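Remarks on the structure that follows.
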Amino acid sequence: MFRSDVADSDPVETQEWRDSLEAVIDRSGTARARFLLDETLATARHFSVAPLTSLSTDYVNTIPVDQEPSFPGDPTMEKRIRRIVRWNAVAMVHRANTQFSGIGGHLSTYASSAALYEVGFNHFFRGPAFPGGGDHVYFQGHAAPGMYARAFLEGRIPVEKMDRFRRDADRGKGLSSYPHPRLMPEFWEHPTVSMGLGPLTAIYQARFDKYLHDRRIKDTSTQRVWCFMGDGESDEPESLGALSIAGREKLDNLIFVVNCNLQRLDGPVRGNGKIIQELETVFHGAGWNVIKVVWGPEWDDLLARDHEGLLRDRLNELVDGQWQKYVTMPGSYTRQHVWGSDPRLLKLVEHLTDEQIRKLRRGGHSYRKIFAAYDRATRNQGAPTVILAHTVKGWALGEGFEGVNVTHQKKKLGVEELRQFRDLLELPVSDKELETAPFYHPGAHSAEVKYMLERRNALGGSMPARRNQVSVALDLPKSAIYGEFLEGMKKGEASTTMVFARLLSKLLRDDGICKRVVPIIPDEARTFGMDALFSQVGIYSSVGQLYEPVDKGKVLYYRESKEGQVLEEGINEAGSMASFIAAGTAYSVNAQPMIPFYIFYSMFGFQRTGDLMWAAGDAMARGFLLGATAGRTTLQGEGLQHNDGHSHVLAATLPSCVAYDPAFSYELATIIEDGIDRMVAKNQNVIYYITLYNESFTMPAMPEGVREGILRGLYRYSTAEKKLKHHVQLLGSGPLINEALRARELLKAYDVSADVWSVTSYQQLRNEALECEHFNRFHPDQPARTPYVTQTLAGVAGPFIAVSDYMKLLADFISRWVPGRFVPLGTEGFGLSDTRTSLRRHFEIDAETMVCAALDALRCEGQIDVSLQLKAMSDLGIGSDKLDPMSI
Ligand SMILES: Cc1ncc(C[n+]2csc(CCOP(=O)(O)OP(=O)(O)O)c2C)c(N)n1
Ligand SMILES: [Mg+2]
């Protein structure tokens, strides 16, 4: 293999070195060849001529000119299409902001990446009808106008809709700001605009495609994942944090395209460095195939004549801030600064005019260079590929936009700028019309539209396009599977975590859905008592198990297998969430319903990866999130960073999330059965968040008639045997219901009886009450609806004391609909380590402090005297010096 464009002052000598290496390999094998290379490098280091690092290459294109494939398309036609798409992408943002100041949108991102997308659309992206199901493309969020502009040309978006960019409120009539499946469920597939999440979730999507394939659920061998991202976006830890997983898993179905326009929002990404070179080393180091597309074809001849490597040295040394500057300067300036550093360099460009120097394009604007990169990327085997494409931010939008630091924030063009843009694009928009920047469509039967539709038809249809249909109908588990959990325990004790582990292992044996269940665990299976799953269904590994596990021979051993079912993600909650999204959207993305059960430390769920949960909601993912080791006081000994007393508050902020805090095994089983029914049978786009505790107690049998109450969030668990002089209502959630039951016994000493209620979901109670409020507000002429919580608690006597292992804020969700004095008890404040008993006293949620709260409420109601309250405090050993947990 010989590169014509590499700086080589003595090609014959070079070939001799190559020949001798080949001869050693032939004669003595690869080990000897490697030894000789190592020795040569050691010598090179001694003389300080070793390559800087084997991970980076010169600042030139990876693919040599003579290895570029011929371009199969019609370049002139594709240029015309690109120009029309470019115009309309600009028109939609400009028009939106002219009509509605402040509505926003971005011009410069797509302007820099138009060719990157268009080459993909015309030649590579496989659409939904492609055999095997097509590619998954993650579009850079801020480039959305370009995707709309293309769909407009294809006839998929009418012109009225183009004029409703960023106006979603009239449902179905507008175009969302960014890729939001929930707002445009027929169009967008993958949410990307929270930067970093696109790259992360794309990696796990590619991995999940392999999982589906290896587990023989779906043949995904023709599907690829394309992820477009910004160079500024690469600063997000999530963007690069999972690269090694893609490398290790050899995800050759994955292609990243990084739009390296050298700028982010405020300024240069690496003014003092080189982002492309930096990314090259990072991706290389993680085992990726790296293709740099740095320069356009205008550079080919210059680089071919760079026999001494002077030009390469110059390209290598100039930093990005400088490259950005050259975009904004005339050719004479660049001649002087780039080439003027050495007379020999000046000579290289002496035949070029200043204007020609100014027009030496960057690789990411050359369809030929991009085609070559995509072609190579799609043929690569055994590793993921990244394409680092060098572009100009605001390309072709004129000097007010190209390369300037404010370009990201500019939403409109002046008439003169529009005129120049129109002239550059050679579009038939009249001077008179320029003021309004009208959309331009060449007509449904035009050659351009015909060409692009032909290309898309050959590739499996238009994109982006989200599928809503589920092609596989599943038989849901029979009720019997849940039976044992409803019966309760005659003897012994269990925690809800143990109950869940048992239920999950039953679901994994169920004929109807066993293959569809995807357990996801970030290195905590043993913590949750779920390690039996390892041997029961195996851990998924694309290479099987290449070693004999240390515990082989034991009943439960660490079994990895190509058909393994558990996604054991290691200590990686973000990656686990990305897997959850891939599995939870498989019903649409891969037309295969899957049911993820992602179990994690509840403290490291919504708090740590909340944005991914939000993205899951946007993507309309379905599945179960299980926040284990839940509760500020139930998990003892772990302390401040582990004790979760607020994940339910955070979960309530995710609109598609149904959050439950169950106490008993029958509640948990009822909730999971309902969740599977809603997600799989009823096709509802909901996520269930269920907290699981590690406190064991005897699980009671399910009382009659409580199913609806469990699912709606509240039911009466037990009624006072006998009414005493005073009466209160005690509401409990999770294991704290046991404290409510104990408080009921203690209260008897003060002539107070109590009913005990189980609150499985404050969030569901609140949501339903808000729904009633909404109905009533807008239907004043109809009978008012009463919230379920009000109806259920109506007519019972006494103040209401609510306790949970979560913040008071959670119980406060329902306070305004409770028909009576309401006293929430909860765990505001930082967590700490101690025994459960001490922690519950500290946070004032144990039975004794509950008694104090109940008596206090009765005193405030004028029912008892202060002396009784003081007596109780003294009886129970609680003084007025009780530390306020918020004070820590
Ligand atoms: C997590 C997150 N932080 C901040 C932003 C706001 N933001 C939007 S675009 C942008 C700059 C993008 O730069 P780059 O990734 O280089 O993309 P380009 O537009 O240059 O292609 C920023 C900071 C965001 N969308 N997401
Ligand atoms: Mg950028």
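Looking at segment 78-142, what % of the alpha carbon pairs are farther apart than 17 Å?
Numbers: 1082 of 2080 pairs.
More than 17 Å apart: 52 percent of the Cα pairs in segment 78-142.
Using a/c under 1.5 as the rounded threshold, could you call segment 576-711 rounded, prolate or oblate? The axes a ≥ b ≥ c are square roots of the C-alpha gyration tensor eigenvalues, and prolate needs a/b larger than b/c, oblate otherwise. Show your work: numbers first, answer last.
Working: a/c = 2.16, a/b = 1.18, b/c = 1.83.
Verdict is oblate for segment 576-711.
Over the chain, one equal point on each Cα, no solvent: what is log10 I(q)/I(0) by the Debye formula at q = 0.05, 0.06, 0.10 Å⁻¹?
Each listed q corresponds, in turn, to -0.37, -0.52, -1.13.
For segment 526-554 and segment 322-390, what is the separation of their Cα centres, given in Å?
Spelled out, the Cα-based centre of one part sits 51 Å from the other.
Stokes-Einstein at 37 °C, 0.692 mPa s, Kirkwood radius from Cα pairs: D for segment 645-791 in µm² s⁻¹?
Result for D is 195 µm²/s.
Give or take rounding to whole Å, what are the principal axis extents of the alpha carbon atoms in segment 568-640, in descending order?
Taking max minus min along each principal axis of the Cα atoms, segment 568-640 gives 45, 20, 19 Å.
Does segment 747-888 come out rounded, prolate or oblate by the C-alpha gyration tensor, with a ≥ b ≥ c the root eigenvalues, rounded set by a/c under 1.5 and, if not, prolate when a/b is larger than b/c and oblate if not?
Oblate shape, in that a/c is at least 1.5 and b/c is the bigger or equal ratio.
Over the alpha-carbon set of segment 333-429, work out the extent along each principal axis and list the three values in angstrom, largest first.
Largest to smallest, the principal-axis extents are 51, 40, 28 Å.
Please give the calculated 222 nm ellipticity per residue for the chain, where each DSSP H segment of at least 4 residues contributes -39500 (n - 2.57) and the sum is spread over every residue; nearest 500 deg cm²/dmol?
-11500 deg cm²/dmol
Distance from the Cα centre of segment 778-846 to that of segment 181-199, in angstrom?
Taking the Cα centre of each part, segment 778-846 and segment 181-199 sit 36 Å apart.
For residue 694, list long-range residues whose amide hydrogen, built 1.01 Å from N in the peptide plane, is under 5 Å from its own amide hydrogen.
Distant-sequence amide H within range of residue 694: 629, 630.
Counting DSSP beta bridges in the chain, what percent are antiparallel, to the nearest 5?
Here the antiparallel bridges make up roughly 10 percent for the chain.
List the chymotrypsin sites (Phe, Trp or Tyr not before Pro) within segment 502-558 that fall in a DSSP loop (any state other than H, G, I, E or B) and whose Cβ has at most 14 other Cβ atoms within 10 Å.
Working: sites: 528, 534, 540, 547, 557, 558; in loops: 528, 547, 557, 558.
In loop regions of segment 502-558 (DSSP not H, G, I, E or B), the sparsely surrounded chymotrypsin sites (Phe, Trp or Tyr not before Pro) are 547, 557.
Can you classify segment 660-708 as rounded, prolate or oblate using the Cα gyration tensor, where a ≥ b ≥ c are the square roots of its eigenvalues, rounded means a/c under 1.5, and otherwise it's prolate if a/b beats b/c and oblate if not?
Oblate shape, in that a/c is at least 1.5 and b/c is the bigger or equal ratio.
Contact order normalised by length for segment 795-888, with contacts defined as Cα pairs under 8 Å and 6 or more residues apart; what percent is it?
Normalised by residue count, the contact order of segment 795-888 is 28 percent.
Would you mind ranking 657, 860, 260 by Cβ crowding within 10 Å, fewest neighbours first?
Fewest to most other Cβ atoms nearby, the residues stand as 860, 657, 260.
Any idea what % of Cα-Cα pairs in segment 248-307 are farther than 16 Å? Intermediate values should be presented prior to the final figure.
On the way: 1061 of 1770 pairs.
Distances greater than 16 Å cover 60 percent of the Cα pairs.
If I take the Cα coordinates of segment 280-363 and project them onto the principal axes, what are the three extents in Å, biggest first?
Principal-axis extents of the Cα atoms in segment 280-363, largest first: 42, 29, 22 Å.
Please give me, ordered by residue number, the trypsin sites (Lys or Arg not before Pro) of segment 347-418 that lie in loop per DSSP and have at most 12 other Cβ atoms within 10 Å. Intermediate values should be presented prior to the final figure.
Details: sites: 347, 358, 359, 361, 362, 368, 369, 376, 379, 393, 410, 411, 412; in loops: 359, 361, 393, 410, 411, 412.
Here the sparse-neighbourhood loop sites are 359.
Expressed as a rounded percentage, what relative contact order does segment 269-409 have, with Cα pairs under 8 Å and six or more residues apart? Present the calculation step by step, with values, prior to reporting the outcome.
Details: 168 pairs, mean separation 50.4, N = 141.
With pairs under 8 Å counted, the relative contact order is 36 percent.
Using the C-alpha gyration tensor of segment 368-477, what are the square roots of 5 times its eigenvalues, in whole angstrom, with the largest one first? Don't jump to the answer; show the numbers that get you there.
Working: eigenvalues 264, 109, 64 Å².
Working from the Cα gyration tensor, I get semi-axes of 36, 23, 18 Å.
For residue 295, which sequence-distant residues (separation of 5 or more, or a different chain) have an amide H within less than 5 Å of its own amide H, given hydrogens modelled in the peptide plane?
For residue 295, whose amide H was placed from the backbone, the distant partners under 5 Å are 61, 363.
How do 604, 130 line up, fewest other C-beta atoms within 10 Å first? Let's see the in-between values first.
Numbers: 604 21, 130 16.
Taking fewest neighbouring Cβ atoms as first place, the list is 130, 604.
Name the lysines eligible as straight-distance cross-link partners of residue 506: C-alpha to C-alpha under 27 Å, and not fewer than 8 places from it in the same chain.
Within reach: 210, 218, 478, 490, 491, 515, 552, 554, 562, 682.
Tell me the relative contact order for the chain as a rounded percent, counting alpha carbon contacts under 8 Å between residues six or more apart.
11 percent
Are there GluC sites (Glu not before Pro) in segment 544-635 that DSSP puts in a loop and that have at most 16 other Cβ atoms within 10 Å, and which ones?
Working: sites: 560, 563, 568, 569, 573; in loops: 563, 569.
For GluC sites (Glu not before Pro) across segment 544-635 that sit outside H, G, I, E and B with at most 16 neighbouring Cβ atoms in 10 Å, the list reads 563.
Compute the distance from the alpha-carbon center of segment 868-886 to that of segment 258-304, in whole Å.
Taking the Cα centre of segment 258-304 as reference, the centre of segment 868-886 is 67 Å away.
Within a 10 angstrom radius of the beta carbon, how do 598, 178, 333 rank from fewest other beta carbons to most?
On the way: 598 27, 178 20, 333 16.
Neighbour counts put them in this order, fewest first: 333, 178, 598.
Can you spot the lysines whose alpha carbon is less than 30 Å from residue 161's alpha carbon? Ignore those fewer than 8 places along the same chain.
Within the straight-line cut-off, residue 161 pairs with 79, 173, 393, 410, 411, 412, 432, 450.
All of the numbers you see were taken from the coordinates with simple rules; none came from a lab. Bear in mind the structure is a predicted one, so any value in this text is a computation, not a measurement. Cβ sites come from the backbone with ideal geometry, for glycine too, and all protein chains shown count toward neighbours.
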